[in-house]
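Shown next, in structure tokens, is the structure this report addresses.
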Amino acid sequence: MQYKVNTPEEYLDQLEDDWRKEKLTEVREMITSNGSELVEGIEYKMLSYGNGDKNIFHLNAQRVYVSLYVGDIDKVANARELLGGLELGKGCIRIKKNQELGKTNLNAFISRVIDLWREGKDTDC
């Protein structure tokens, strides 16, 4: 879904108070706790995280899942094994209603992506 907003606060205010907001908030916390230096903004009508010039994550609530966009998942060593149990595209992790994120390695994956970014390595498409 696309939201016509200008700030992360407006984005969060537009979300319905349902499981998608809960999952999105949980992923958002993983990103901000692993990358406190990341700037949260809006890009492509969704939440974005980066340094102001380049974003490494985009986060969005869709109709039947929450999407975490990361560029190219396979640029992270062992990413597909690490993210087992989650639905993956080339650069998208789809989080569905019934998934318990605490039982996945999503937090470790996010941490690895941020570490690569800090090292100046490419995770883009």
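The values are calculated or read from the model by the stated rules, or taken from the named source; none is laboratory data. Here the structure is a predicted model, which is why all the values come from computation and not from measurement. Reconstructed Cβ throughout: ideal geometry from the backbone, glycine too, with neighbour counts over all protein chains shown.
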Please enumerate the residues belonging to region 1-59 that are closer than 25 Å to ASP72 by Cβ, modelled with pLDDT under 95 and out of contact with any strand residue (DSSP E or B) (no Cβ under 9 Å at 6 or more places or on another chain).
ASP53, LYS54
Hits in region 70-81 (condition: in contact (Cβ under 8 Å) with a residue 24 or more places away in the chain and either under 22 Å from SER36 (Cβ atoms) or charged (D, E, K, R) (or both)):
VAL70, GLY71, ASP72, LYS75, VAL76
Go through region 100-124 and give me each residue that's within 16 Å of ILE56 (Cα to Cα), in a loop (DSSP other than H, G, I, E, B) and more than 15 Å from the chain's Cα centre (by Cα).
GLU119, GLY120, LYS121, ASP122
Flag if TYR49 is among the hydroxyl-bearing types (Ser, Thr, Tyr), surrounded by 14 or more Cβ atoms within 10 Å (Cβ to Cβ) and under 17 Å from TYR69 (Cα atoms)
yes
Those residues that are in a loop (DSSP other than H, G, I, E, B) and touching a Phe, Trp or Tyr at 6+ places or on another chain (Cβ under 6 Å), I need them from region 71-99; list them, please.
LEU83, GLY91, LYS96, LYS97
Output the residues belonging to region 82-109 that are of a type in the set (Lys, Arg) and touching a residue at least 24 places away in the same chain (Cβ under 8 Å).
LYS90, ARG94, LYS96, LYS97
